[in-house]
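**Student:** Mind looking over this structure? Questions follow.
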Amino acid sequence: MPRLAGAFFAMLLDAYGVFYGGQAAGPYPGSQEKLAELMEAGVKVGILSNTTQLSSVSIEKLEKQGLLKGRHFHFFITSGEICRRTLFDAKLPFSTPRQKYLLFGKPHPRFPYHEALFRGTHFSETMDPKEADFLYISVPHIEGEDQEDPSHFLEEVQRASLLGLPFLCANPDLFAHEGNPPRPVVRQGSIAKLAKQAGASVYSVGKPYPEVYLEALKEFNNLGIENPQD
């Protein structure tokens, strides 16, 4: 870590698998100290996550587990935050004359984040596919249970693809790790992948797509880091 701190003026980190083991497991042992060392060495630390929750919610959760903005990192950007801004500005790459969306799947009992993303935007939910401009992929589950095999959703995705509507994916990760010990469970990126295979149009927000990195560069610019090579 000291070698990295001496080589760069700024670092952009993922959370899970880098310093964080998921909501149940929390930060990895020693991660708080290492992040604090980077900050004390003058390194500007940013975090990107493909969670669909808003950045403020993620920051609050980290604070409860001992990771503090200003002490352990400078900023935290989530794909959900970027998706909300896209929705709020109505800058989707497909036509939305009705300003309505159809939810793919039912709200997850523990992760109903889509409500926060759409609140206050131009878009409202409809139950009628004929009224919808697009499908928003919710956190996938079956009767409230996370699944480890994406094929369990194949028929549902194929039926939805026949509607001819584009899919909006706010979390491109194929899997997330939940529980303690963590296990890989299907997430929105797997649904998006199945939709593409079925011939549907899919628009994804989050890593590895450009918008989140451009937003991170803006944050670094605000911190005085203007050269991406730094």
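The values are calculated or read from the model by the stated rules, or taken from the named source; none is laboratory data. Quick caveat, the model's predicted, so the values are computed rather than measured. Note that we place each Cβ from the backbone using ideal geometry, even for glycine, and neighbour counts take in every protein chain shown. Protein only, heavy atoms only, side chains kept; ligands, DNA and RNA dropped before computing areas. Shrake-Rupley method; radii C 1.70, N 1.55, O 1.52, S 1.80 Å.
**Student:** Keeping all protein chains in place, calculate the accessible area per residue for the chain (probe 1.4 angstrom), answer in Å².
**Tutor:** Counting only protein heavy atoms, the per-residue value for the chain is 51 Å².
**Student:** A follow-up question, please. Counting only protein heavy atoms and using a 1.4 Å probe, what share of the accessible area of the chain belongs to carbon plus sulfur, as a whole percent?
**Tutor:** Within the chain, the accessible surface is 52 percent carbon and sulfur.
**Student:** So what's the projected area for the range 1-116, the Cα convex hull averaged over all directions, in nm²? Each step should come with its number before you reach the end.
**Tutor:** Values: hull surface 35.9 nm².
That works out to 9.0 nm².
**Student:** Follow-up. Tell me, how many Å apart are the Cα centres for the range 47-74 and for the range 146-211?
**Tutor:** 24 Å
**Student:** Report the label-to-label distance for ALA198 and GLU40 in nanometres (one decimal), using points 7 Å from each Cα along the Cα→Cβ vector.
**Tutor:** If labels sit at ALA198 and GLU40, their model points lie 5.3 nm apart.
**Student:** Of the DSSP beta bridges with both residues in the range 122-230, give the percent that are antiparallel, rounding to the nearest 5.
**Tutor:** Percentage antiparallel, nearest 5: 50.
**Student:** Using modelled amide H (1.01 Å from N, peptide plane; none on Pro or chain starts), what sits under 5 Å from the amide H of LEU223, excluding residues fewer than 5 places away?
**Tutor:** none
**Student:** Is the C-alpha gyration tensor of the range 57-189 telling us rounded, prolate or oblate? Criteria: a/c under 1.5 is rounded; beyond that, a/b larger than b/c is prolate, otherwise oblate.
**Tutor:** Because a/c hits 1.5 or more and a/b fails to exceed b/c, the range 57-189 counts as oblate.
**Student:** Defining a contact as two alpha carbons under 8 Å apart and six or more residues distant in sequence, what relative contact order in percent does the range 152-230 show?
**Tutor:** Working: 95 pairs, mean separation 22.8, N = 79.
Averaging sequence separation for qualifying contacts and normalising by length gives 29 percent for the range 152-230.
**Student:** Hey, could you get me the Stokes-Einstein D for the range 21-78, Kirkwood radius over alpha-carbon pairs, 37 °C and 0.692 mPa s, rounded to whole µm² s⁻¹?
**Tutor:** It comes out at roughly 281 µm²/s.
**Student:** Further question: In what order, largest first, do LEU168, LEU174 sit by accessible area if the probe radius is 1.4 Å? All intermediate terms of the calculation are to be shown ahead of the outcome.
**Tutor:** Details: LEU168 0, LEU174 75 Å².
Greatest to least solvent exposure: LEU174, LEU168.
**Student:** Distances longer than 18 Å among the Cα atoms of the range 147-230: what percent of all pairs is that?
**Tutor:** Roughly 55 percent, rounded to a whole number.
**Student:** Now for a separate question. Rounded to the nearest 5, what % of DSSP beta bridges with both residues in the chain are antiparallel? All intermediate terms of the calculation are to be shown ahead of the outcome.
**Tutor:** Working: 6 of 28 bridges.
Rounded to the nearest five, the antiparallel share is 20 percent.
**Student:** Let me ask something else about it. Over the chain, what is the relative contact order in percent, taking alpha-carbon pairs closer than 8 angstrom and at least six residues apart?
**Tutor:** Numbers: 414 pairs, mean separation 46.0, N = 230.
Reported relative contact order: 20 percent.
**Student:** Measuring from the lowest to the highest alpha carbon on each principal axis, how far does the chain reach, largest first, in angstroms?
**Tutor:** Between the extreme Cα coordinates on each principal axis of the chain lie 56, 38, 29 Å.
**Student:** Could you state the angle between the C-alpha long axis of helix 31-40 and the longest principal axis of the C-alpha atoms of the chain, as a value from 0 to 90 degrees rounded to the nearest 10?
**Tutor:** 60 degrees
**Student:** Let me ask something else. Is the shape of the range 89-143 best called rounded, prolate or oblate, per the rule: a/c under 1.5 gives rounded, else a/b larger than b/c gives prolate, else oblate, with a ≥ b ≥ c the square roots of the Cα gyration tensor eigenvalues?
**Tutor:** prolate
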